[in-house]
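Worksheet: the structure to be examined is printed underneath.
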Amino acid sequence: MKSARVQLLMAMWTTMLLLALTGWAGAPAPSTPMTKSFKGTVTAVDQKEKTLAVRGFWTTRTFNVGDHCKVSLEDKAEAELKDLRPGHRVEVRYQDNGGVKVAGYVVQKNLLFTGHISAIDPSNRILKVKRGTVSETFVAGDRCNVIIREDRNRTLADLRIGHKVTVSYSSPGAMKVAQKIEQTGETFTGTIEAIDADTRTLKAQHLLSEKKFNLANDCPIVLGGKSDGKLSDLRIGEKLSVYYEDIDGVLVATCVARDASPPPKPAPAQVTRTETPEP
């Protein structure tokens, strides 16, 4: 009887020991901090202390920059902490260990604004772009790229009032500095053949080519260098340039600019008089 009790106790102890060993073996290893992400605008860079302050939507966070932290700029894939500037828009990927935020990767991306050019001053490198009721003023940076229909060798002087452009920019302080200005789409120059105000369409012809354009809701009508024209201001026979995008065969006009010279006037009808001899 005593022997049976001893065997039972030993079995129980053995089971408990096995369960304990199994629990220890299955216990998870100490976890490393998960990588998090934070987006915002750089407010301060301290190269000596290797810290970076970034202002987000709700709060400003300060990051310690790790020894192997990778920094990438829009135009410089292999950058350093010293290349970051207040006003740069960045995404910081970091680890939070007990409240200490350690940045492992900082990538800077320019902001984008798409609209129509409302004013341009190439000599002072100033560009104003309007989208709806919002208007932004940009200063072209020293290395600003102007691209028109994939042609990268353009300047501010090649842009026109009414052009639809996408501006890639950074905002150090209160100034918005354009790093890239891109105008896409195609251009068609010809004379107006038909206008339909109800459907906001017009047809233009050049030589043997005729195209129908659907005007976008925000398509400016540029007359005499001003973009406040109306479709009703256009006339049949006038020469114009249409800037448009081809969306699966549908031509969407993003800007219509009337040629500065007026359309040719029709020649006056010639009246031939037949004189009859007096009786």
Evaluate the following for Val167: is it over 24 Å from Ala140 (Cα atoms), modelled with pLDDT of 95 or more and within 20 Å of the chain's Cα centre (by Cα)?
-> no
For Gly87, are the conditions met, namely being at positive phi and over 16 Å from the mean Cα position of the chain (by Cα)?
-> yes
Are any residues in segment 54-94 aliphatic (A, V, I, L, M) and modelled with pLDDT under 90, and if so, which ones?
-> Ala77
Within segment 118-157, tally of residues that are on the phi < 0 side of the Ramachandran plot, touching a residue at least 60 places away in the same chain (Cβ under 8 Å) and not polar (S, T, N, Q) = 2
Lys226, sole failed condition from (1) modelled with pLDDT under 95; (2) crowded, with 17+ Cβ neighbours inside 10 Å = (2)
Within segment 204-223, restricting to residues that are part of a loop (DSSP other than H, G, I, E, B) and either in contact (Cβ under 8 Å) with a residue 60 or more places away in the chain or basic (Lys, Arg) (or both), the one that is surrounded by the most Cβ atoms within 10 Å (Cβ to Cβ) is Pro220
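Here's a check for you: in segment 126-142, which residue that is touching a strand residue (DSSP E or B) at 6+ places or on another chain (Cβ under 7 Å) and not aliphatic (A, V, I, L, M) is modelled with the lowest pLDDT?
Across segment 126-142, the extreme among qualifying residues is Gly141.
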Does segment 192-203 contain any residue that is of a type in the set (A, V, I, L, M), free of Cβ contacts under 8 Å to residues at least 40 places away in the same chain and in the same structural domain as Arg131 (by TED's automatic domain parsing)?
-> no
Check segment 147-165 and report whether any residue there is under 18 Å from Leu73 (Cα atoms), in a strand (DSSP E or B) and not charged (D, E, K, R).
-> no
Taking segment 159-192 and keeping residues surrounded by fewer than 20 Cβ atoms within 10 Å (Cβ to Cβ) and touching a Pro at 6+ places or on another chain (Cβ under 9 Å) leaves Leu159, Ile161, Pro172, Gly173, Thr191
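The values are calculated or read from the model by the stated rules, or taken from the named source; none is laboratory data. Predicted, not measured: the structure shown is a model, and the values here were computed from it. Glycine also receives a Cβ, built like all others from the backbone with ideal geometry; neighbour counts cover every protein chain displayed.
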